[in-house]
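Right, one structure below, let's go through it.
The values are calculated or read from the model by the stated rules, or taken from the named source; none is laboratory data. Please read these numbers as outputs of a predicted model, since none were measured by experiment. Here Cβ is always computed from backbone atoms with ideal geometry, including for glycine, and neighbour counts include all displayed protein chains. These area figures cover heavy atoms from the full protein model, side chains too; ligands, DNA and RNA do not enter into them. Shrake-Rupley method; radii C 1.70, N 1.55, O 1.52, S 1.80 Å.
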Amino acid sequence: MFDSPHSPVSFEPLLNSDRAAAIIQVHPKTLQRYARNGIVHGVRVGKLWRFRASDLYRSGTRIEPLDDDQAQ
């Protein structure tokens, strides 16, 4: 197999918008807007957004809804 003196690096899979939005209980489009505004860390792959569960859970931080003024 793979012979290396170093331990293997753990890999955290990326979640799509639907699965990530279910974790924080918001609509997927709302989560994408949060990512665009820098409220939540996300990675844009082409037209798709991907998220790490650890970023969504990050030490229990509560994600507050955006006001209509901030949504733009």
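Annotations
- Cβ-Cβ contacts under 9 Å between residues 6 or more apart (or on different chains), taken from a first residue in the range 34-53 that is closer than 16 Å to Ile23 by Cβ to a second residue that is among the hydroxyl-bearing types (Ser, Thr, Tyr), are listed as Ala35/Ser17; Val40/Tyr34; Gly42/Ser17; Gly42/Tyr34; Trp49/Ser17; Arg50/Ser17; Phe51/Ser17.
- Candidates Ser54, Ser59, Ser7, Ser17: the one that is at pLDDT 95 or above and among the small types (Gly, Ala, Ser) is Ser17.
- Residue in the range 28-37 that is in a helix (DSSP H, G or I), open to solvent by 80 Å² or more (accessible area, probe 1.4 Å) and either under 16 Å from Ser54 (Cα atoms) or modelled with pLDDT of 90 or more (or both) present: yes
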